[in-house]
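Colleague: One structure, pasted below without further comment.
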Amino acid sequence: MCEPKPRQLMTCPYNKAHQVEQYRMHIHLQKCRKQYPNEAVSVCPFDATHIIRDVEMDYHVRTCPKRILMDSQIYITDDDHCPVTEALSAPVAQPDTTSSENWDDVSTASYLIPTL
Ligand SMILES: [Zn+2]
Ligand SMILES: [Zn+2]
């Protein structure tokens, strides 16, 4: 036998008797969905605009494009984390003592001016 890729079958979430090839599952779900119109729906945890049937949620979270996006973003943030923390711990500039002495003189002078 010369079969390079064994076909991966998935079980349809609506009917366990449906064994569907993985790459065709989204097509199958579109058809099968119509036979089960009263299934409860939930919101995808990765994107609030994805309204998914509860029975399909397992399949959806594995294939959700937003989840793939998030995973790669977490990777990037982890790499950036260390340099950002070092930059934040830079010393704060000290206040200038000479200018604060001048400021003292001004406030003393204005204190001496009598009010009307
Ligand atoms: Zn099905
Ligand atoms: Zn989603």
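Colleague: List every residue pair whose Cβ atoms sit under 8 Å apart, with the two residues 6 or more apart in sequence or on different chains, where the first one lies in the range 8-29 and is assigned to a helix (DSSP H, G or I) and the second, anywhere, is of a type in the set (A, V, I, L, M, F, W, C).
Modeller: GLN22/LEU9; GLN22/MET10; MET25/MET10; MET25/CYS12; HIS28/CYS12; HIS28/VAL20; LEU29/CYS12
Colleague: Kindly provide the set of residues from the range 22-58 that are more than 11 Å from ligand 1 (Cβ to nearest atom), over 14 Å from the mean Cα position of the chain (by Cα) and surrounded by 15 or more Cβ atoms within 10 Å (Cβ to Cβ), ordered by number.
Modeller: HIS50, ILE52, ARG53, MET57
Colleague: Then there's this: How many residues are out of contact with any helix residue (DSSP H, G or I) (no Cβ under 8 Å at 6 or more places or on another chain) and closer than 24 Å to LEU69 by Cα if we restrict to the range 10-29?
Modeller: Qualifying residue count for the region: 4.
Read-outs: derived from the displayed coordinates by stated rules, not from any lab. If you're wondering where the values come from, they're calculated on a predicted model, not measured in any experiment. With ideal geometry, Cβ positions are generated from the backbone for all residues, glycine too; neighbour counts draw on all protein chains shown.
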